[in-house]
């Protein structure tokens, strides 16, 4: 067990505690816009997108809704979901944990921006299997990860949070094992606030 490993168990409590502060401080500048547009370009109009680790719905879910897509938001921090529900009372906001994700349906695309990387490496491998099960054949996946394999810490409000990543090759291998193909990876994109972004697609011949 690494020195940072126990911190991974605190992620949910941290986001419950820091929800209002996180929401107030979350950038709305849409530095993610280029990646969101790249992801959306492969979707049909009105496609159903799963925003996994949706938080308060700002700004990712809002962007997809504004572009005319149907959005289901899932998060394990109810304090975050309650903010999203207050903004969009008619939205589809669900309490759920990506480590045990089982929604009983598939989606035309899944995005996990600044959420997936809070999982331990072994939990990420399990989560990728869940993601594959929730993607329709040919559907895209986009997640933010780390630039290389390892564990680091970040901050949410005044709290320290856990982050981890596999190597790009490790992700490619895990994705392939579950019928997904790596279609893009950029480490520390200077045009996206230094986020490392991974894109993949479910094979068309894979059954859900």
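Read the figures in this text as sums done on the coordinates, not as results from a lab. Predicted model only: the values in this text are computed from it and were never measured. Using ideal geometry, Cβ is built from the backbone for each residue, glycine included, and neighbour counts are taken over all protein chains shown.
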**Request:** Sort 161, 152 so that the residue with the fewest other Cβ atoms within 10 Å of its own Cβ comes first and the one with the most comes last.
**Result:** 152, 161
**Message:** Let me check against my output: what whole-number percent is the relative contact order of the range 5-202, with C-alpha pairs under 8 Å and at least 6 apart?
**Reply:** 20 percent
**Fill in**
Inter-part gap, Cα centre of the range 1-59 to Cα centre of the range 155-193, in whole angstrom, is 13 Å
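Cut-off is 10 Å between beta-carbons; in what order do 72, 56 appear when sorted fewest neighbours first?
Details: 72 21, 56 28.
Listing 72, 56 from fewest to most nearby Cβ atoms yields 72, 56.
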**Message:** Tell me whether the range 5-202 comes out rounded, prolate or oblate; compute the Cα gyration tensor, take square roots of the eigenvalues as a ≥ b ≥ c, and use a/c under 1.5 as the rounded threshold.
**Reply:** rounded
**Prompt:** Rounded if a/c is under 1.5, else prolate if a/b beats b/c, else oblate: with a ≥ b ≥ c from the C-alpha gyration tensor eigenvalues square-rooted, which is the range 1-56?
**Reply:** prolate
**Message:** As a test, work out the antiparallel percent of DSSP beta bridges whose residues both lie in the chain, rounded to the nearest 5.
**Reply:** 55 percent
**Complete:** Taking 175, 186 and counting other beta carbon atoms within 10 angstrom, the fewest-first order is 186, 175
**Fill in**
Given 4-11, 57-64, 107-114, the highest-first ranking by average Cβ count within 10 Å works out to 107-114, 57-64, 4-11
**Theoretical ellipticity at 222 nm over the chain - DSSP helices of four or more residues, -39500 (n - 2.57) apiece, nearest 500** = -9000 deg cm²/dmol
